[in-house]
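Data block below; observations after.
The values are calculated or read from the model by the stated rules, or taken from the named source; none is laboratory data. In this text the structure is predicted, and so the values were computed from the model without any measurement. Cβ placement follows ideal geometry from the backbone for every residue including glycine, while neighbour counts extend to all protein chains displayed. Ligands, DNA and RNA are stripped out before the accessible areas are found, and what is left, the full protein with its side chains, is counted by its heavy atoms. Shrake-Rupley method; radii C 1.70, N 1.55, O 1.52, S 1.80 Å.
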Amino acid sequence: MLKWISRTNSSKHSHRKKSNDQEIKKSSRDNLRILKEAFVDTPDVIMSSWNVGNNSSQNCLLIYVSGIVDMNQLNEHVIKPLHALKVNTNIDINSLKNIINIPNTNVIKTFRDIYKEISDGHPVLIMDSNSTALSLELSKWQTRSIEEPSSETVIRGPKESFNESLDTNVSLIRKRIRIPKLKIKKIYMGAYSRTPIAITFVEGIVDPSLVNEIIKRIRNVSVDSLFDSGTLQECIQDSKWSIFPTILSTERPDTTSAALVEGRIAIIVDGSPHALILPSTFFMFFSTPDDYYSGFIVGTILRVLRLFYALIAQFGPSIYVAITTFHQEMIPTTLLVSITRAREQVPFPSVFEAVIMEITFEALREASVHLPRPVGPAISIVGALVIGQAAIQASLVSPLMVIVVAITAIASFMIPHYELANAIRLLRFPIIIFASLCGLLGIIFSFITILIHLCTLRSFGVPYTEPLTPFKKSSMMDSLIRGPVWKIQKHRRFTEKNGMKRERRHKGR
Amino acid sequence: MNRKEIISVNQLLTIFYISIVSTGLITLPHPMYLKAQQNMWISIIMSSTMGFLAVFICYFFKKNFPDKNFNQIIYLAVGNRIGYLINCIIFILYSFDMIYFLKEYELYLTDLFYQFMSPSLIIGLMLLVSMYAVVSGLEVIARCAQIIWPTTIILTLGIFVLLLPDIDFKNMFPIFEYGFGQPIKASFIAMAWFSELFWMIFFVQDISESAKKLKVMGFIYVFIIMISLFLFFITVLGVLGNYTGHTLYPVSLAERYIQMGTFIERTSVFFMAIWVLGVFIKIASLLFILTRCFCEVLHASSIGLISSVLCVVYFILSLILIKSTSSLFQVGFPLFLIVTYVANFGIFTMIFCITLFKKRTKIV
């Protein structure tokens, strides 16, 4: 039975494959029949045919998908010239190129190509007595305009962000890197979605083996559809089981361009406003464009502050639990008295308080993300008044616990990249449990475990903890700290072998 | 265990800096004060000679056998049968060292911080993370050490700077009150810690840089280790004076004198936390060596399986063998000194001499 089903399936599949691979017929009527068979129940696919020439002897068939084609240009530069055509003989495809005023055209030979081209928004023109057709690059996809970044806002610096159009996103990079060495390799992914992906890099700076490795990994991915770069990120990153992101995603063209100039590679997926930057190291997730636009002293201080608060976001509640449960001797007497007084009425152990408050906060945060904007403030009222104030008054939690959770929440919002913030937030829970079991020792062992894990991670062959370890003196200037621009000279290790150096922009200093 | 690992000289030496300083600062002051009294800071300078010797011998092996692991060097020096025997002896002696370190760490924590915590939990957690590090590889241990290293330096300098107002430098004098004998005797204790640098021989094949760099950086690191321990010793001696010999963990006692603005005090638990990081590096690197030795003895290659089996064995033995702090210091400590001298200094120096002799007579 199974054999029969598989045989039937395979025969159907081979039949479909055959019809797809079929070459374009010379007879316009045959072509129209095949196309109508293929596009049953697809009212958005428009097929219009008319006769051209003085004696109207040659039939012309135009196929396109409405809504994704620039109709003005199609009318102006294709349909009108063809209607106005006054020739007595049949025209071939090469002559057709001269008649219509479209700069980008492709000659196609099979029905598979027709399906592909019209899906990409390219109208296809088939002329009678020709076994080839002409694809016209006149696509016009509906897309958002270029807006301000929503998750990577800056006070100073460009306010442009990527949108869902691949061409627009590539052009935003091209606007910033105006040299022919900026290369873009296009790959299609997804059996059903056939999503175009652009792999961008600067030739001469990037390690060519890295480009090949990325192409290889993308080609090895087999998915039905790809609607966002997040799916691709999950498929191609090194450690698939790790909670830490090893590929940085950004919606800022300036961040992407800066990474390309450093010798990294950016992957842009059509339909996604987030570009993927790789290889990415741990400390890259703590840098923001603001660091580079507001001077190196301020940049360094902000970066160190972010790292410090990341530690608080990770270990804040667990340190509170450890100290109140195991190491009360550490707390100065006056503070200990006030903590004890605040916790006097609370019936729960501090670990229970911490976990409940953290879970509640996570619920509030998740709810606020999905709420419509006008309803958004309601959740803050519920969070601040109902859960915070009421819980304290009902003696369910101590005021100090609310303060600790609030500081931790603010600290987690200081991490500039959402993926890393997520990892830190989720790891907070097991660490709180460990702290309640073993005190500070539990926190230390959690730290060691995370440290070992971070040290095992690699992003496309580059150690995740670089440049701290393996120590790279040249890259240290732009990792934990943000060194002066004129000091940040060398590229990262994976491009150093090309002997390239950043251009000194401050030679006079 | 043929996995290819590459680490830099700096990474390797940070492992040993952390290993020696973190355990040395807790264990050494008490027995050294008993032997040398106020001369103990001189003893630490004297004992660094063992470190320089260890670095030189490692340099010799790296220079002459850059791609050979230690077992291959032993086999070349003494032949296969005796080499196999030496391998087994090293494994047994280091196993004792491992049990001693685990017990020392557990007793320190249960004596001072976690009186009600189960020793099995304390030892078990340490062995679990060490096993995870060993399975992840030497590169990972080295990277962890490189990240932890600054915290150890901050610990050393922090204790010194914060206790500076309480240090009475008069406690360091008079020196050589009863001749040279006392500090020399005490230096033999600290030499056991410096002899841990002989473990570098096990990682000679994994170093990506030249033998010369190993020698130069090795000497610098021995000097830094000596200075770090020296700072600790004068801090302890300066703060506690004659009381140094009355407590098992003088550094922990001295730490309690730290006070900042009459608000931040009793910070010893934070120092304990950093110390645990150091002990982790020591135990993970020793477990890595033991796993390598065991793989050589059994001609096995499954690191995960062997390290987990070893962890279970050490876990059970460390719970059974040394029961209390007094047995650790009265029986365990002298035995540890003997074992360390035989395993580190004795065997490696013997192999070095034999190899040198054979090289001179052009046998190797």
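Quick notes
- Counting only residues that are surrounded by 24 or more Cβ atoms within 10 Å (Cβ to Cβ) and over 20 Å from A:Y464 (Cβ atoms), the stretch A:245-255 holds 2 of them.
- Residues (of a type outside the set (V, I, T) and either within 8 Å of chain A (Cβ to nearest Cβ) or touching an Asp or Glu at 6+ places or on another chain (Cβ under 9 Å) (or both)) located in the stretch B:129-148: B:Y132, B:A133, B:S136, B:G137, B:L138, B:E139, B:A142, B:R143, B:C144, B:Q146
- Residue match in the stretch B:52-75 (condition: in contact with a strand residue (DSSP E or B) (Cβ under 7 Å, 6 or more places away or on another chain) and buried (at least 19 other Cβ atoms within 10 Å of the Cβ)): yes
- Condition broken by B:P66, with the remaining ones in (1) out of contact with any Pro (no Cβ under 9 Å at 6 or more places or on another chain); (2) part of a helix (DSSP H, G or I); (3) more than 14 Å from chain A (Cβ to nearest Cβ) satisfied: (2)
- Of the residues examined, B:F294 is not one that is part of a helix (DSSP H, G or I), under 22 Å from B:F101 (Cα atoms), over 17 Å from the mean Cα position of the chain (by Cα) and within 11 Å of chain A (Cβ to nearest Cβ).
- First in the stretch A:20-47 and in a helix (DSSP H, G or I), second anywhere and among the aromatic types (F, W, Y), Cβ under 8 Å, 6 or more apart: A:N20/A:F111; A:N20/A:Y115; A:D21/A:F111; A:I34/A:F111; A:L35/A:F111; A:A38/A:F111; A:A38/A:Y115
- Of the residues making up the stretch A:124-160, those that are in contact with a Lys or Arg (Cβ under 6 Å, 6 or more places away or on another chain) and of a type in the set (G, A, S) are A:S129, A:S131.
- Top-ranked residue in the stretch A:141-175 [being basic (K, R), part of a loop (DSSP other than H, G, I, E, B) and at pLDDT 90 or above; ranked as nearest to the chain's Cα centre (by Cα)]: A:K159
- Considering (1) in a helix (DSSP H, G or I); (2) more than 30 Å from A:F460 (Cβ to Cβ); (3) not hydroxyl-bearing (S, T, Y), the lone condition that A:Q345 does not fulfil carries the number (1).
- Enumeration of residues in the stretch B:207-255 that are hydroxyl-bearing (S, T, Y), in a helix (DSSP H, G or I) and closer than 29 Å to B:K62 by Cα: B:Y221, B:S228
- Count of the stretch B:1-49 residues, restricted to those that are open to solvent by less than 10 Å² (accessible area, probe 1.4 Å) and away from chain A (no Cβ under 13 Å), is 20.
- Residues in the stretch A:457-480 that are within 26 Å of the chain's Cα centre (by Cα) and modelled with pLDDT of 85 or more: A:L457, A:R458, A:S459, A:F460, A:G461, A:V462, A:P463, A:Y464, A:T465, A:E466, A:P467.
- Filtered by the rule that a residue be part of a loop (DSSP other than H, G, I, E, B) and basic (K, R), the stretch A:102-114 gives a lone residue, A:K109.
- A:I323 vs. criteria loosely packed, with under 15 Cβ neighbours inside 10 Å, in the same structural domain as A:L451 (by TED's automatic domain parsing) and in a helix (DSSP H, G or I): no
- Count of residues meeting criterion [among the small types (G, A, S), assigned to a helix (DSSP H, G or I) and surrounded by fewer than 18 Cβ atoms within 10 Å (Cβ to Cβ)] in the stretch B:307-325: 1
- Residue count, the stretch B:75-90 (criterion: part of a helix (DSSP H, G or I) and either closer than 29 Å to B:I274 by Cα or free of Cβ contacts under 8 Å to residues at least 12 places away in the same chain (or both)): 5
- When A:F326 is tested against the conditions (1) within 14 Å of chain B (Cβ to nearest Cβ); (2) under 42 Å from the mean Cα position of the chain (by Cα), the lone failure is (2).
- Selected residue (criterion: surrounded by the fewest Cβ atoms within 10 Å (Cβ to Cβ)) from residues of the stretch B:108-128 that are outside any helix (DSSP H, G or I) and more than 8 Å from every other protein chain (Cβ to nearest Cβ): B:F116
- All conditions but one from (1) closer than 19 Å to A:V462 by Cα; (2) within 17 Å of the chain's Cα centre (by Cα); (3) surrounded by 22 or more Cβ atoms within 10 Å (Cβ to Cβ) apply to A:D270; the one that does not is (1).
- Of all residues in the stretch A:424-447, those that are surrounded by 20 or more Cβ atoms within 10 Å (Cβ to Cβ), part of a helix (DSSP H, G or I) and within 13 Å of chain B (Cβ to nearest Cβ) total 12.
- Residue among B:I73, B:I99, B:I122 that is among the β-branched types (V, I, T) and more than 16 Å from B:C311 (Cβ to Cβ): B:I73
- In the stretch B:241-290, the residues that are without any contact (Cβ under 8 Å) to a residue 60 or more places away in the chain, among the aliphatic types (A, V, I, L, M) and either open to solvent by less than 10 Å² (accessible area, probe 1.4 Å) or within 13 Å of chain A (Cβ to nearest Cβ) (or both): B:I264, B:A273
- Considering the stretch A:448-473, and only residues there that are hydroxyl-bearing (S, T, Y) and open to solvent by 40 Å² or more (accessible area, probe 1.4 Å), the residue that is farthest from A:C235 (Cα to Cα) turns out to be A:T449.
- Subset of the stretch A:82-99 (residues that are of a type in the set (D, E, K, R) and closer than 14 Å to A:D128 by Cα): A:D92
- Scanning the stretch A:115-127 for residues that are part of a loop (DSSP other than H, G, I, E, B) and surrounded by fewer than 21 Cβ atoms within 10 Å (Cβ to Cβ) returns A:D120, A:G121.
A quick yes/no check of all residues on (1) in a helix (DSSP H, G or I); (2) within 14 Å of chain B (Cβ to nearest Cβ); (3) buried (at least 20 other Cβ atoms within 10 Å of the Cβ):
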| position | (1), (2), (3) |
| --- | --- |
| A:I312 | yes, no, no |
| A:V337 | yes, yes, no |
| A:I356 | yes, no, no |
| A:T360 | yes, no, no |
| A:A367 | yes, no, no |
| A:P374 | yes, no, no |
| A:A378 | yes, no, no |
| A:T408 | yes, no, yes |
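- Looking only at the stretch B:333-364, and only at residues there that are free of Cβ contacts under 8 Å to residues at least 24 places away in the same chain and aliphatic (A, V, I, L, M), the one that is farthest from B:V204 (Cα to Cα): B:I338
- Of everything listed in (1) free of Cβ contacts under 8 Å to residues at least 60 places away in the same chain; (2) on the phi < 0 side of the Ramachandran plot; (3) not acidic (D, E), the single unmet condition for A:L136 is (1).
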